[in-house]
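Each remark here refers to the structure printed beneath this line.
Every read-out reported here was derived from the displayed coordinates using simple, explicitly stated rules and does not represent laboratory data. Every value quoted in this text rests on a predicted model; they were computed, and no experiment measured them. Cβ: placed from backbone, ideal geometry, glycine included. Neighbour counts: every protein chain shown.
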Amino acid sequence: MRVTLLGSSGLLGQELVRALNGEQLTSLSSKDADLRDPSQVERVIHDSRPDWIVLSAAFTDVDGCEANRDRAFAVNCDGAVHVANAAAAVGSRLMFLSTDYVFDGTKPSPYETADPRHPISVYGESKARAEERLLEILPDVCVVRTSWLFGHGGKCFPATILKLAAVRPEISVVNDQRGSPTFTRDLAWALAQLCSKGARGIVHATNSGNCTWFEFAKEIVAVSGLSTTVKPVTTAEFPRPARRPANSVLSPSSLHAYGIHMPSWQDALRRYLETRP
Ligand SMILES: NC(=O)c1ccc[n+]([C@@H]2O[C@H](COP(=O)([O-])OP(=O)(O)OC[C@H]3O[C@@H](n4cnc5c(N)ncnc54)[C@H](OP(=O)(O)O)[C@@H]3O)[C@@H](O)[C@H]2O)c1
């Protein structure tokens, strides 16, 4: 397969480079093509003429997006549209990475792919709008929603908790937001599988199981053998610029339909901790 990866320098992108290394891979970061510039996007897609484009690049700072609505939409929505147009021009398949934050979090059970989008943040809005536009432009686009990424090669929640736990006797973590932590290594493997299986439509891909951020932090501290106390707090006690869904657990049935099963988040966390540089 010829694959062009946009966002190769990101947390997920770095693992995608590894997972796709058996393919004819073109890895690109913002230095090679800025998603906001349609002519740059067109050029790199035209030059590589891939079977698949994997669009992992995005403006992912959820709080930053609240203050920079124009940039959020320019990169995450218009940028994705530029990629979809370039894909249509050369006949490439497109896999678009999206997010659990397209939902408002009020559903008491896991979100299915057909549940209506109702984002409550600018980041979520920019991704939800991109999904809609891409599905119009490319009926066979594959939209993969994932959540709570952690991995090597960048900032992530477990790394932050470990840093804090090393210097503080107690840390406070919100206990009223539930989701599925997802190891970039496991996700990259699942995405490579989805490409090889010719996936289309919306797919939910996360590690299995779910927890709150507090429960996630407790597990990180326990598995690392640290003595720091983790204290549960509410989101209201720790206001942030962007609202987050209370429940953003994604149902795995769309992934299972392709015969792909991801390990539990606890198993993934152990492997992440064991392989930390
Ligand atoms: N992180 C999460 O918890 C999470 C959850 C759900 C979904 N997702 C989605 O999963 C995907 C991967 O996330 P991630 O955490 O790996 O992202 P990340 O670490 O923030 O990496 C973002 C990537 O996008 C590139 N990029 C940013 N602005 C760009 C622009 N204007 N033009 C071209 N490239 C640009 C960056 O390139 P440079 O390094 O060159 O700037 C980098 O390679 C994203 O689509 C994200 O929305 C993430």
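Sort segment 72-130 into rounded, prolate or oblate with this rule: let a ≥ b ≥ c be the square roots of the eigenvalues of the Cα gyration tensor; rounded if a/c is under 1.5, and if a/c is not under 1.5, prolate when a/b is larger than b/c, oblate otherwise. Intermediate values should be presented prior to the final figure.
On the way: a/c = 3.90, a/b = 1.82, b/c = 2.14.
Oblate shape, in that a/c is at least 1.5 and b/c is the bigger or equal ratio.
Any idea what angle helix 265-274 forms with the longest principal axis of the chain, computed on alpha-carbon atoms, 0 to 90 degrees, nearest 10?
The helix 265-274 is inclined about 90 degrees to the chain.
Check Arg93: other-chain or 5+ apart residues with amide H under 5 Å from its amide H, H built from backbone geometry?
Close amide H contacts, sequence-distant or interchain: Trp52, Ile53.
For the chain, take every pair of Cα atoms, bin their distances at 5 Å starting from 0, and report each bin as a whole percent.
1, 6, 13, 17, 19, 18, 13, 8, 4, 2, 0, 0
How large is ³J(HN,Hα), in whole Hz, for each residue of segment 48-56 in order, when computed from phi with the Karplus curve 6.51 cos²θ - 1.76 cosθ + 1.60 and θ = phi - 60°, using x for Gly and Pro?
Whole-Hz 3J(HN,Hα) from phi for segment 48-56: 8, 6, x, 6, 10, 10, 10, 9, 9.
According to the square roots a ≥ b ≥ c of the eigenvalues of the Cα gyration tensor, what is the shape class of segment 1-80, taking rounded for a/c under 1.5, prolate for a/b larger than b/c otherwise, and oblate for the remainder?
On the way: a/c = 2.91, a/b = 1.54, b/c = 1.89.
The shape class here is oblate.
Show the residues, 5+ positions off or on another chain, whose built amide H is closer than 5 Å to the amide H of Val143.
So Val143 has HN proximity to Phe96, Gly201, Ile202, Val203.
What list of ³J(HN,Hα) couplings, whole Hz, do you get for segment 237-253 from phi and the Karplus terms 6.51, -1.76, 1.60, once you set θ to phi - 60° and write x for glycine and proline?
Whole-Hz 3J(HN,Hα) from phi for segment 237-253: 6, 10, x, 10, x, 9, 6, 10, x, 6, 10, 10, 5, 9, 5, x, 4.
What does the charge count around Arg43 come to, taking other residues whose C-beta lies under 10 Å from its C-beta (Lys +1, Arg +1, Asp -1, Glu -1)?
On the way: positive: none; negative: Asp32, Asp37, Glu42, Asp47.
Neighbour charge sum, excluding Arg43 itself: -4.
By its C-alpha gyration tensor, with a ≥ b ≥ c as the square roots of the eigenvalues, how is segment 159-277 shaped: rounded for a/c under 1.5, else prolate for a/b larger than b/c, else oblate?
Working: a/c = 2.79, a/b = 1.61, b/c = 1.73.
Since a/c reaches 1.5 but b/c is at least a/b, the shape of segment 159-277 is classed as oblate.
Return a whole-number percent for the relative contact order of the chain, with Cα pairs under 8 Å and 6 or more residues apart as the contact set. Write out the running numbers ahead of the final one.
On the way: 553 pairs, mean separation 58.2, N = 277.
Computed over the chain, the figure is 21 percent.
Going by Cα centres, segment 8-25 and segment 109-168 are how many Å apart?
18 Å
Give the aspartates and glutamates whose C-alpha is closer than 15 Å to that of Lys107, dropping any in the same chain fewer than 8 places away, or say none.
Asp115, Asp176
Hey, what do the phi angles of segment 27-43 turn into as Karplus ³J(HN,Hα) couplings, whole Hz, using 6.51/-1.76/1.60 and θ = phi - 60°, x for Gly and Pro?
9, 10, 10, 5, 6, 7, 7, 8, 4, 6, 10, x, 6, 5, 5, 4, 4
Please report the net charge: other residues with Cβ closer than 13 Å to the Cβ of Glu274, K and R +1, D and E -1.
Result for the neighbourhood of Glu274: +3.
Suppose each label sits 7 Å from its Cα in the direction of the beta carbon; what would the Lys163-Arg270 distance come out to in nanometres?
2.7 nm
Tell me the relative contact order for segment 1-120 as a rounded percent, counting alpha carbon contacts under 8 Å between residues six or more apart.
Numbers: 168 pairs, mean separation 31.1, N = 120.
This gives 26 percent for segment 1-120.
So the label point goes 7 Å from the Cα of Asn21 along Cα→C-beta, right? Which residues of segment 242-277 then have their backbone N under 16 Å from it?
Answer for this model: 277.
Helix 157-167 against the longest principal axis of the chain: what's the angle in degrees, Cα atoms only, rounded to the nearest 10?
Taking Cα atoms only, the helix is inclined about 30 degrees.
Which aspartates and glutamates does Lys218 reach when only Cα atoms under 13 Å apart count, and residues fewer than 8 places away in its own chain are ignored?
Glu170
Given the -39500 (n - 2.57) contribution per DSSP H run of 4+ residues, what per-residue ellipticity at 222 nm results for the chain, rounded to the nearest 500 deg cm²/dmol?
Details: 11 runs with 107 residues, N = 277.
One gets -11000 deg cm²/dmol as the mean residue ellipticity at 222 nm.
Under a 5 Å amide H to amide H cut-off, with H placed in plane at 1.01 Å, what residues pair with Leu25 once short-range neighbours are removed?
Val3
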